[in-house]
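The values are calculated or read from the model by the stated rules, or taken from the named source; none is laboratory data. Given the structure is predicted, the values throughout are model-derived calculations rather than measurements. Cβ placement follows ideal geometry from the backbone for every residue including glycine, while neighbour counts extend to all protein chains displayed.
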Amino acid sequence: MNRVKWMGIVLLIGLIAVGVPLHAQEQERKDEHATHQHEEKDVYTCEMHPEVKADKPGKCPKCGMNLVLKETAKSNTGKPTTPSEKIANAKSLLTEAKKALMKEGKYNCCIEDPCDECALAHQSCPCANNVKAGKEVCSQCYGGWQRGEGAVPGVKPSQVKGSSHSHKH
């Protein structure tokens, strides 16, 4: 009988010795998974205004478009991979370029939020000078004036001439 008790005790100790570490490993895996899920919260953004971010679907406060789930995957190089990331990157680069052109005196837009049309087409913007001289402005600037976004003091939207074609330089 003593032999049977010893064998039972040894078997019990063996099960405990194997079971405790296995339980600890399983708990560690569950904790890691929970932490990983917590770190990867969904982020929703506007495709037209990538700077708008929310933790749930909704509407963009700037344009009213539906917010979409932002794909956070990026390539190994860190370059944008999703369309919304590429658009945000392009907007950022264009803003930087317009600021540099302004410093060089080549970009003088006539609306509050400077147009992109002139920068993209000509790497300059004479629209503020054109408004003051009674000349035509680009279509984006003209639209801005019609929305009340003109930035040249003393000029009324009705005085601004729009162009049906792009700038001629």
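See the values below:
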{"quantity": "Sole exception among (1) over 28 Å from residue 136 (Cα atoms); (2) modelled with pLDDT of 75 or more; (3) acidic (Asp, Glu); (4) not in a helix (DSSP H, G or I) for residue 85, by number", "calculated": "(4)"}
{"quantity": "In segment 101-142, the residues that are over 14 Å from residue 162 (Cα atoms) and either part of a strand (DSSP E or B) or small (Gly, Ala, Ser) (or both)", "calculated": "105, 107, 119, 121, 124, 125"}
{"quantity": "Some residue of segment 104-117 being at pLDDT below 95, among the acidic types (Asp, Glu) and under 25 Å from residue 41 (Cα atoms)", "calculated": "no"}
{"quantity": "Of the criteria (1) among the small types (Gly, Ala, Ser); (2) surrounded by fewer than 10 Cβ atoms within 10 Å (Cβ to Cβ); (3) at pLDDT 85 or above, which one residue 64 fails", "calculated": "(3)"}
{"quantity": "Residue in segment 50-60 that is at pLDDT below 85 and farther than 30 Å from residue 152 by Cα present", "calculated": "no"}
